[in-house]
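Peer 1: Shown below is the structure under consideration.
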Amino acid sequence: MTHRRALGIPAALGVLCVICLLSLAIGALPLSPAAVWHGLTDPASSAYPVVRQMRLPRTVLGLLVGAALGVAGALMQALTRNPLADPGLLGVNAGASAAVVTATALFGISGLGGLIWFALAGAGLISVLIYLIGGSGVGSPARLALAGTAVNAALYAYVGAVELLDTDALDRMRFWTVGSLADADFPTVTRIAPFLLLGALLAAGCARPLDALALGDDAATSLGGRPALTRAVAILAIVLLCGAATAACGPIVFVGLMIPRLASRFTGPSLPRILPYCAILAPVLLLGADVLGRVVARPAELEVGIVTAVLGGPVFLLAVVGRRS
Amino acid sequence: MQPNHASGPASRLAARRLTISYTHRTVVRELDLEIPDGSFTVLIGPNGCGKSTVLRALARVLKPSGGEVFLDGTPIAGLPSRHVARTVGLLPQAPITPDGITVAELVARGRYPHQGPLRRESPEDRRVVERCLEQTGIGDLAARPMAELSGGQRQRAWIAMALAQDTELLLLDEPTTYLDLAHQMDVLDLCARLHRDGRTVVAVLHDLNQAARYATHLIAMRDGAILAAGPPATTLTADLVQQAFDLPARIIEDPESGTPLVIPRVHR
């Protein structure tokens, strides 16, 4: 273990703490660190409603969803052997989104408790589809990304069409469908937490088997691995993480693409080392984008899903161009 | 089909009535095979004769459609996969090199069957990885990315990975393919050294003369069946080459090693 590696996790945690503080302090009503502290601890403080009831759940949800998307992205890149894989970009989040919109518009279902199951089913369907298209290694990385983009576009068009046809039911989902943390509350957090926890445990459990699988099925089997089981667990983890994350705050792209790539620069291609970095740095990106969205459009705000898409686009292009050279 | 334990295999790794089929084609039919303990066994035969298929079945990477592979007298299919992985290692023909991996990181993945699902590398793991890097002569390349290595160095790294698995039986599927002659000899010398150190080594090779020079036990196959098995000096005959490859050849003595040397006849 090199010196740089030993310092990496504490450094990343430090950055995450700073971002969390910013997320609590910045918004339509900017607060000093002292005011944030009072807002957290003192119910009599004037900042209490803003900090405790709005920004704190929003920050916690951002932490969880960011970590989920980052870890899911790393799993997906390992599973498909494709450095351009991202659950947002490949349509997994959009699949969850389309299922949620369908459930709302067609069956009149509302409330996270019912919708989360639809989100998981939608994410599951698209995950399997993506895996069948590109997971067997027949498709080039670009082909998989292209197929995913097409699936993504079709799902977004579907969501848009349903929204147009049924404006009443979906008016309040308008922000949700672009990816937003604005409606965060603690019931949402506790509702999705068990799914994320299970997804995280499965992700941790299949990290080392996925490392063996990266050498090819024959080598992995010879090492005592079970490729089919490993793939099934990894897909289940991706579905739980992305489905629950999307149910809570809508489809968010690029977080799962950028962060694992960044993490592997520090760690090398070992998944057990990459995942902790993803779980810390992806929330940094998501909360950072959320804070940025609150700053650039003040006193209104830009949805976090739009900010990550704007930031992620150029990174994706660089990644594609960089691969060619 | 009940394996007959009373007259079970005498060697640690063996196959009985092994039948292997792909979707519509039976590649190996009712094959009996023994890998003599402590041997350097080389499988030879024409392309598509099933030698790689047999090797993969011996490593339990491929599930036979009939018959059994026995490891230490027990059907391998019923053994825990971790136990098998600690006893038999296979270096496949075309393993995948993960993007950006270094030599040491690749070799460390060979430790997989010795680690729990969540356990990190132990000092023992690190010692074994270091030893395997030294044994394969690539200790000074440990920190280098695989992508920067030459073909010969890369193959050494893969052998080191298989070695790090720390198995008594080591199977190598065409370890010399894609290497130039010097690197082929280099890899075979390495295999011979691993064999001398006490391992049972089984390799699929294409070059008959290299097989004759390095093997202690030769198995010649054609159309999924064994034509002959035994020490190269008595096994590799002109008849066998004719039968296996439809190739008229003379056998002379290798002036360097004294082993059989196959000289294809001129026919124009």
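The values are calculated or read from the model by the stated rules, or taken from the named source; none is laboratory data. Bear in mind that the values here come from a model prediction, so they are computed numbers and not experimental data. Glycine gets a Cβ as well: all are built from the backbone with ideal geometry, and neighbour counts include every protein chain shown. Just the protein is used for accessible areas: all its heavy atoms, side chains included, with ligands, DNA and RNA removed. Shrake-Rupley method; radii C 1.70, N 1.55, O 1.52, S 1.80 Å.
Peer 1: Ordering A:V50, A:V65 by how much accessible area each has at a 1.4 Å probe, largest first, what is the list?
Peer 2: On the way: A:V50 30, A:V65 0 Å².
If we order A:V50, A:V65 from most to least accessible, we get A:V50, A:V65.
Peer 1: Among A:L75, A:L61, A:L155, which one shows the biggest mean-square fluctuation in a GNM of chain A, springs joining Cα atoms closer than 10 Å?
Peer 2: Largest GNM mean-square fluctuation: A:L155.
Peer 1: As a test, work out the antiparallel percent of DSSP beta bridges whose residues both lie in the protein assembly as shown, rounded to the nearest 5. Walk me through the intermediate numbers first.
Peer 2: Numbers: 24 of 41 bridges.
Taking every DSSP beta bridge within the protein assembly as shown, about 60 percent pair in antiparallel fashion.
Peer 1: Helix hunt in chain B: which complete DSSP H runs extend at least 15 Å axially by C-alpha with mean Kyte-Doolittle at least -1.0? Mind showing how you got there, number by number?
Peer 2: Working: long enough: B:123-135 (18 Å, -1.38); B:151-164 (20 Å, -0.02); B:181-196 (22 Å, 0.09).
Helices meeting the span and hydropathy rule in chain B are B:151-164, B:181-196.
Peer 1: Give me the percent relative contact order of chain A, please, defined on Cα pairs under 8 angstrom at least 6 residues apart. Please report the intermediate quantities before stating the final value.
Peer 2: Details: 535 pairs, mean separation 96.7, N = 325.
RCO, chain A: 30 percent.
Peer 1: Report, by chain and number, residues whose modeled amide H sits under 5 Å from the one on B:R12, excluding near sequence neighbours (fewer than 5 apart, same chain).
Peer 2: Answer set, sorted by chain and number: B:D37.
Peer 1: Something else about it: Please report the net charge: other residues with Cβ closer than 13 Å to the Cβ of B:V61, K and R +1, D and E -1.
Peer 2: Details: positive: A:R226, B:R56, B:R60, B:K63; negative: A:D217, A:D218, B:D173.
Combined, the nearby Lys, Arg, Asp and Glu give +1.
Peer 1: Using a 1.4 angstrom probe on the protein heavy atoms only, line up B:I252, B:I159 by accessible area, largest first.
Peer 2: Details: B:I252 65, B:I159 0 Å².
Ranked from most to least accessible, the order is B:I252, B:I159.
Peer 1: Where does chain B land at 222 nm, in deg cm²/dmol rounded to the nearest 500, when only DSSP H runs of n ≥ 4 count, each adding -39500 (n - 2.57), divided by all residues?
Peer 2: Calculated from helices alone, the mean residue ellipticity at 222 nm is -9000 deg cm²/dmol.
Peer 1: Under a 10 Å cutoff between Cα atoms, tell me which one of B:P36, B:P95, B:P232 has the largest fluctuation in the Gaussian network model of chain B.
Peer 2: B:P95
Peer 1: Whole-Hz Karplus ³J(HN,Hα) for the range A:39-48, in order, using 6.51 cos²θ - 1.76 cosθ + 1.60 and θ = phi - 60°, x for Gly and Pro?
Peer 2: Per residue, the Karplus-derived 3J(HN,Hα) values read x, 7, 10, 10, x, 7, 5, 5, 7, 3 Hz.
Peer 1: Any idea what the relative contact order of the range B:13-264 is, in percent, if you count C-alpha pairs under 8 Å spaced at least 6 apart? Don't skip to the end; give the middle numbers.
Peer 2: Details: 473 pairs, mean separation 62.3, N = 252.
Relative contact order for the range B:13-264 comes out at 25 percent.
Peer 1: Taking R0 as 45 Å, what FRET efficiency do you get between A:A300 and A:W117 from their Cβ-Cβ distance, rounded to the nearest 0.05? Kindly include the intermediate steps, with their values, before the conclusion.
Peer 2: Details: r = 33 Å, r/R0 = 0.73.
With R0 = 45 Å, the Cβ-Cβ based efficiency is 0.85.
Peer 1: Output ³J(HN,Hα) for the range A:67-77: one whole-Hz value per residue in order, computed from phi by the Karplus curve 6.51 cos²θ - 1.76 cosθ + 1.60 with θ = phi - 60°, and x for Gly and Pro.
Peer 2: 4, 4, 5, x, 5, 4, x, 4, 4, 5, 5
Peer 1: Assuming R0 = 51 Å, can you tell me the calculated FRET efficiency for the pair B:D223 and A:R143, based on Cβ-Cβ distance, to the nearest 0.05?
Peer 2: On the way: r = 38 Å, r/R0 = 0.74.
Computed FRET efficiency for B:D223 and A:R143: 0.85.
Peer 1: Given the options A:F118, A:F175, A:F107, state which has the largest fluctuation in a GNM of chain A using a 10 Å cut-off (strictly under) for Cα springs.
Peer 2: A:F107
Peer 1: With every protein chain left in place and a probe of 1.4 Å, what is the accessible surface of A:L29, to the nearest 10 Å²?
Peer 2: Solvent-accessible area, nearest 10 Å²: 90 Å².
Peer 1: Skipping prolines and chain starts, which residues have an amide H placed within reach, meaning under 5 Å, of the one on A:A297, given they are 5 or more residues away or on another chain?
Peer 2: A:L302
Peer 1: Could you work out the percent of alpha carbon pairs in the range B:156-268 separated by over 16 Å, rounded to a whole number?
Peer 2: 62
Peer 1: Enumerate the amide H contacts of B:T19 below 5 Å, restricted to partners 5 or more residues apart or on another chain; note that Pro and chain-start residues carry no placed amide H.
Peer 2: The answer is B:E30, B:L31, B:S65, B:G66, B:G67.
Peer 1: Here's something else I'd like to know. Where in the range A:51-73 is the amide nitrogen less than 17 Å from a point lying 7 Å along the Cα-to-Cβ axis of A:F186?
Peer 2: A:51-64
Peer 1: I need two numbers for the protein assembly as shown: Rg to one decimal and Dmax as a whole number, Cα atoms only, in Å.
Peer 2: In order Rg, Dmax, the Cα atoms of the protein assembly as shown give 29.1, 103 Å.
Peer 1: Oh, and also: Rounded to the nearest 10 degrees, what's the angle between the helix A:112-130 long axis and the longest principal axis of chain A, both from Cα atoms, 0 to 90?
Peer 2: 30
Peer 1: Need the full-extension length gain, B:E30 to B:I96, defined as separation in residues times 0.36 nm minus the C-alpha distance. One decimal, nm. Present the calculation step by step, with values, prior to reporting the outcome.
Peer 2: Values: separation 66, 0.36 × 66 = 23.76 nm, distance 3.18 nm.
Roughly 20.6 nm would be gained on extension.
Peer 1: Compute the distance in nm between two label points, each set 7 Å from the Cα along the Cα-to-Cβ direction, one at A:L7 and one at A:V310.
Peer 2: 3.4
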